[in-house]
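Only the coordinates and a few stated rules stand behind these numbers; no lab work does. Quantities reported herein were computed from a predicted structural model and do not represent experimental measurements. Quick reminder, even Gly has a Cβ in these numbers, built from the backbone with ideal geometry, and neighbours come from all protein chains shown.
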């Protein structure tokens, strides 16, 4: 089946630093989504991208839909302690079969 | 507005026992999904329902059955639980290709 790769698998950063993570696929997707999951909770949607090349921001978060439709990246600026969690990317075609990456675990050191 | 709710939150089963995980959404979404999440593997789709009365298999459907009781409710049944089904189960609903998740059910099969 389709698989997504996320990198890095985990990262430790200092509070205030910027963060960059990405997601790649061997297949193309029409929609890319980024989620954050806190311990013991379900994933929460952060950003949805619908068009190749699209760049979308949500507060300190910025995500881009790759031109090839096979990748996406997420940037977090000026990290704060509550950014800690697991970030998942997901690809979708027409809302029928979402495929999730394995996640990037982010730790923020004070 | 509760969003997506799941019951129970925790469950322990013995091998061979059966149980049904309940999911309900109050957002009037047509599509609903069941995922399982295992450590380091992201979320894998078990079954989805594009609309009331329809269900389709996802990536890992073996050992599970689903029922889309009405537009609000989508249940997942394990007929004969196995230790390999120990996992965290998430229900989700979607609109415009954006998924919204419930808080999860942590299931342990001994």
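Quick notes
- Neighbour counting of Cβ atoms within 10 Å sorts the residues A:25, B:67, A:72, fewest neighbours leading, into B:67, A:25, A:72.
- Entry note, chain A: relative contact order of 36 percent, from Cα contacts under 8 Å with a spacing of 6+ residues.
- Rounded to the nearest angstrom and listed largest first, the equivalent-ellipsoid semi-axes of the range A:1-55 from its Cα gyration tensor are 22, 15, 14.
- Spin-label pair residue B:30/residue A:107, simplified geometry with 7 Å Cα→Cβ offset, distance in nm: 4.5 nm
- Label point at residue B:14 placed 7 Å out along Cα→Cβ; residues across the range B:91-109 whose backbone nitrogen lies under 15 Å: B:109
- Kirkwood Rh in Å, taken over chain B so that all alpha-carbon pairs contribute: 13.7 Å
- Histogrammed with a bin width of 5 Å, the alpha carbon distances of the range A:59-98 distribute as 6, 16, 24, 23, 15, 12, 5, 0 percent, first bin at zero.
- A viscosity of 1.567 mPa s and a temperature of 4 °C, combined with the Kirkwood radius over C-alpha pairs in the Stokes-Einstein formula, give chain A a diffusion coefficient of 94 µm²/s.
- Number of partner chain Cβ atoms within 10 Å, mean per residue of A:28-40: 2
- P(r), alpha carbons of the range A:31-86 - 10 Å bins starting at zero, rounded %: 24, 49, 24, 2
- With a cut-off of 14 Å on the backbone N, the residues of the range B:71-110 near the modelled label site 7 Å out from residue B:62 along Cα-Cβ are B:82-85.
- Ratio Rg/Rh, restricted to the protein assembly as shown and using Cα atoms, in which Rh is the Kirkwood radius: 0.97
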